[in-house]
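Asker: Got a structure for you, questions after.
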Amino acid sequence: MRDQSIDVVCVGSGPRIQRWKAAISLAKLGLPSAAVVLSLLSSLSFAGTAITRVEAKLLWRDVCTGANFYDTESQAVQASIVCLQASSPPTASQVTTYYGDFACPSSVTTNGQAVYRCSHVQYTFPNQPSASQLAATRSAYIAGSKCPDGFSGRQTAIDSDGNTVSYCTLVKTTFDPPSKGCPWVGDPIEPTSGITKETELDYRAPNGLLEFVRTYRSDIGQFTSAVSSSGFFDYSSPPLAPMGRCVDGRYNTMHTDASGNAIKASYCFPVMPIGSVDKPHALLWDETGRQIDFDMSSGTPVPNADINDRAVKTTDASGNVQWRLTREDNTVELYAANGALLSRTTADGKTVTYSYSTASTPTTIAPTSGLLIAQTDPFGRALSFRYNSTGLMTQMTDPAGRAYNYTYDTTSAECAAGTCNRVVQVQFPDQFARQYLYNESSLIGASTPPSPPLLTGINEVWPATSNSARQTVRASTFGYDSSNLSILTQRAGGLDQYTVTSRSSGSVTVKDPLGAQRTTAYQTLFGATYPSSRSQPAGSGCSASTTSWNYDAHGNAASTLDVNAHRTCSAYDLSRNLETTRVAGLSNTATCSTYTATGTILPAGSRKVSMQWHPEWRLEVKRAEPGTIITSVYNGQPDPFNANAMASCAPSTALLPDGKPIAVLCTQVEQATTDMDGSQGLSASLQSAVPNRVRSWTYNAYGQVLTETDPLNNTTTYTYYSDTSFTGADPNAVGHTLGDLQSVTNAKGQMTRYTKYDKHGNVLESVDANGVTTTNTYDLRQRLLSVSVGGQSTSYTYDATGQLLNVTAPDGSSIGFTYDGAHRLTGVSDSQGNSISYTLDAIGNRTQEQAKDSSGTLSRQITRVIDSLNRLQKVTVGTAQ
């Protein structure tokens with residue numbers, strides 16, 4: 001936590017009269033003027049940055065020796081009176097008159113509180129003090145403002161009502177680098193932007209709908225998730241009024257009490273509109289930590305040209321304002337007017353809803369309103385969340401009732417670099433834990449420990465077993481330079497190590513685990529780094545070479561020249577940044593616009609792929625490749641194979657948040673063409689003698705497949721449970737949940753029934769068409785422990801991290817697996833004593849395999865030589881190459 005001190009301030013609840021037995025003067029906030037602040041901010045470029053502004057927390061200090069902080073004015077006033085009276089009490093010979101009644105001739109309002117200048121003079125009758133004496137009797141309260149860690153403070157502005165607002169600002173460029181050129185390396189880091197990114201999947205349901213993911217980004221300095229991020233904030237109107245949405249899920253306030261103790265307290269830093277800095281804004285801060293800025297100048301949210309998320313302002317049935325965001329991954333998110341994420345819906349109609357605490361929520365669950373307490377899938381399965389008294393999520397409970405516990409670092413004054421409510425451990429239901437280490441001195445280059453702290457390591461904590469004691473194992477390590485940019489990532493034992501050996505403006509060099517160095521030149525577009533070229537060293541049979549990229553006006557890769565001097569050209573629909581044409585195998589001198597045009601004759605050896613897209617979703621509806629056209633017909637769209645009638649393969653009630661039909665695939669038709677290089681694109685002539693291959697599907701209201709028909713007209717039918725019913729207590733309850741698969745019937749009428757599930761949605765029991773029963777068991781982390789088919793059982797064992805250790809077949813024979821510290825397979829052995837061992841290099845290639853029989857005699861050996869480009873150069877089997 002950063003403490004911003006400001007000079008000579010007193011903040012009260014409103015203009016009023018006070019009677020004090022002390023000489024006190026209070027002055028206006030010592031902050032830069034609004035004009036200065038707005039001028040400073042208007043000089044910033046918002047093209048590639050996102051801005052978060054929160055209302056500052058104003059604190060009070062008394063006038064005592066060694067001034068102390070107070071949360072309220074009255075606390076500071078009372079303490080000051082006591083100190084002043086104790087330091088200069090009136091003598092018996094004095095007649096003390098208190099001149100005036102602490103009347104304040106003028107005031108302004110800051111953050112809803114009155115800030116005013118006034119004085120109360122203490123003097124001895126009958127001689128009134130001179131002006132200099134009067135000035136000497138004045139004392140002042142010196143207040144401070146608190147900003148969330150990482151925010152800059154000491155800024156003010158005037159709101160639309162003429163009141164002064166004190167605020168804190170966070171300016172971030174948190175766009176993920178584009179996927180062009182495989183920018184991420186190792187565990188991973190992105191060398192051009194200097195970002196370390198660690199994604200932790202704590203829970204995922206078998207149907208994939210319900211999950212809890214935490215993402216650490218070094219440019220943010222903490223883990224973000226659904227409980228600490230996910231907000232859409234309209235900063236466009238009114239200019240500066242508080243939004244009522246807090247960021248205390250991401251940040252906490254800390255201060256020192258009168259005894260010098262560090263106090264960690266839950267505090268709502270209200271999110272505030274950006275105001276007319278250089279344009280009205282809206283900001284999306286999603287649960288992965290990405291911030292996306294929308295220009296609201298036209299009244300409609302418009303993102304940067306390279307962003308494919310779209311936002312629309314809507315009103316629900318009750319008249320409440322909402323924001324509907326259609327994301328690049330074909331999901332739709334609804335946000336409340338205060339920025340809270342309400343729901344997330346996939347294009348095929350499956351919705352996860354988010355519920356928040358209210359004033360009536362028990363404090364044992366959440367201490368304040370507005371905290372995420374449940375995440376529920378469309379079938380009723382839910383993840384629930386609990387918080388401590390400071391508003392930090394300390395426990396997640398999965399659908400089976402098992403707990404995942406989260407521990408945070410200890411308190412330190414002002415949230416200094418080492419500690420600031422960062423997650424330091426997550427413990428899973430099986431007692432396995434992941435620990436997170438920050439600001440280890442040997443791994444940071446800055447002379448002052450960074451704040452927020454940087455993630456420098458991850459440990460795995462393996463619980464004790466009957467064969468081993470509890471142990472802590474280093475799993476990952478990250479390092480940073482003096483500018484807090486990533487320069488190192490490696491796994492256990494220094495394996496899979498990537499290091500940044502040099503970094504300058506527009507260029508970065510990375511050494512891979514094999515020692516090869518590659519230099520990437522990059523440019524900055526829309527605030528993100530885009531690779532322009534990447535050199536690679538010489539390898540076996542080839543000289544050093546370079547890959548290069550060129551981009552269109554929206555940052556799409558329009559041309560790529562690979563290390564073999566082959567050019568690939570692409571054209572896009574720039575209104576949506578969707579690729580419409582790709583031509584590969586061209587010479588390095590080829591002009592892209594010539595060959596991406598429809599009907600252009602292609603050079604020998606090159607090929608073209610053409611795409612057409614759904615009008616609303618990022619879904620291909622037609623794709624032309626050499627010799628083939630594939631047409632995909634979606635629900636609610638014209639069917640070209642049925643006189644362009646609207647396709648309907650789901651109930652009319654199956655609608656998305658915008659009221660339109662769910663986008664499920666009804667029919668897919670594959671047609672043979674005479675176009676052998678793809679040059680004719682979507683207009684290619686068909687081979688009339690070759691029949692079409694057609695697949696079709698139908699769905700229920702939840703977007704679940706009801707029927708599937710293959711090209712031979714064989715139909716498979718699926719049914720689902722229409723209710724939820726369980727027996728037994730959590731976490732071992734058995735039954736089924738609404739939407740669980742109930743049966744599958746093939747084209748011959750043979751049915752498999754799924755008769756029992758656990759609360760997660762894992763199949764516990766099924767019965768096939770012959771009446772044979774299969775039962776499955778799982779461990780506390782949903783890993784398959786056993787499969788019993790007709791009474792014949794196969795069992796599986798795992799280590800604490802989930803690596804498969806042993807498989808035992810029904811006849812008692814078994815196969816075992818061993819791994820190194822970086823979780824790489826190093827050996828396989830069976831119960832007969834036969835074994836295979838693997839020798840791996842630093843990047844994970846198998847450089848040697850040795851197979852031995854039960855007597856330990858070497859029966860086979862394979863040796864591989866890998867060149868500096870990580871390519872197979874030579875293989876030796878036994879003694880023969």
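Asker: Rounded, prolate or oblate: pick one for segment 783-881, where a ≥ b ≥ c are the square roots of the eigenvalues of its C-alpha gyration tensor, a/c under 1.5 means rounded, and failing that, prolate if a/b is larger than b/c, else oblate.
Answerer: oblate
Asker: Near Thr737, within a Cβ-to-Cβ distance under 11 Å, what is the net charge of the other residues, with Lys and Arg +1 and Asp and Glu -1?
Answerer: For residues surrounding Thr737, the net value is -2.
Asker: Using each residue's phi in segment 318-327, evaluate 6.51 cos²θ - 1.76 cosθ + 1.60 at θ = phi - 60° and report the 3J(HN,Hα) Karplus result to the nearest Hz, with x for Gly and Pro.
Answerer: 8, x, 7, 6, 9, 10, 10, 10, 9, 8
Asker: While we're here: What is the gain in length, in nm to one decimal, between Gln668 and Asp329 on full extension, counting 0.36 nm per residue of separation less the C-alpha to C-alpha distance?
Answerer: My answer for the length gained is 119.9 nm.
Asker: Sorted by average packing, counted as other Cβ atoms within 10 angstrom per residue and highest first, what order do 440-447, 612-619, 553-560 take?
Answerer: Order by mean packing, descending: 553-560, 612-619, 440-447.
Asker: Next question. Sorted by average packing, counted as other Cβ atoms within 10 angstrom per residue and highest first, what order do 453-460, 740-747 take?
Answerer: 453-460, 740-747
Asker: Within segment 693-717, list the residues whose amide N lies under 15 Å from a label point set 7 Å along Cα→Cβ of Leu686.
Answerer: Inside the label zone: 693-695.
Asker: Give me the net charge for the shell around Ile862: Cβ to Cβ below 12 angstrom, other residues only, Lys and Arg +1, Asp and Glu -1.
Answerer: Neighbour charge sum, excluding Ile862 itself: +3.
Asker: Sum up the charges of everything whose Cβ sits under 14 Å from the Cβ of Gln782, counting Lys and Arg as +1 and Asp and Glu as -1, but leave Gln782 out.
Answerer: Taking every Cβ under 14 Å from that of Gln782, the sum is 0.
Asker: Another question about this same structure. Report the label-to-label distance for Ile601 and Val789 in nanometres (one decimal), using points 7 Å from each Cα along the Cα→Cβ vector.
Answerer: Label at Ile601, label at Val789, 5.8 nm between them.
Asker: Under 18 Å Cα to Cα from Lys608, which aspartates and glutamates show up? Leave out anything in the same chain fewer than 8 places away.
Answerer: Asp562, Asp573, Glu579, Glu620, Glu625, Glu670, Asp675, Asp677
Asker: Further question on the same structure: What order, most packed first, do the peptides 708-714, 634-640 have when packing is the mean number of other Cβ atoms within 10 Å of each residue? Please report the intermediate quantities before stating the final value.
Answerer: Working: 708-714: 12.4, 634-640: 20.1.
Put in order of decreasing packing, that is 634-640, 708-714.
Asker: Let me ask something else about it. Roughly how many whole Å is it from the C-alpha centroid of segment 542-598 to that of segment 325-348?
Answerer: Measuring centre to centre over Cα atoms gives 33 Å.
Asker: Using the Cα gyration tensor of segment 485-542, with a ≥ b ≥ c the square roots of its eigenvalues, what is the shape: rounded (a/c below 1.5), prolate (a/b larger than b/c) or oblate (neither)?
Answerer: Since a/c reaches 1.5 but b/c is at least a/b, the shape of segment 485-542 is classed as oblate.
Only the coordinates and a few stated rules stand behind these numbers; no lab work does. Please read all numbers here as calculations on a predicted model, not as lab measurements. Cβ: placed from backbone, ideal geometry, glycine included. Neighbour counts: every protein chain shown.
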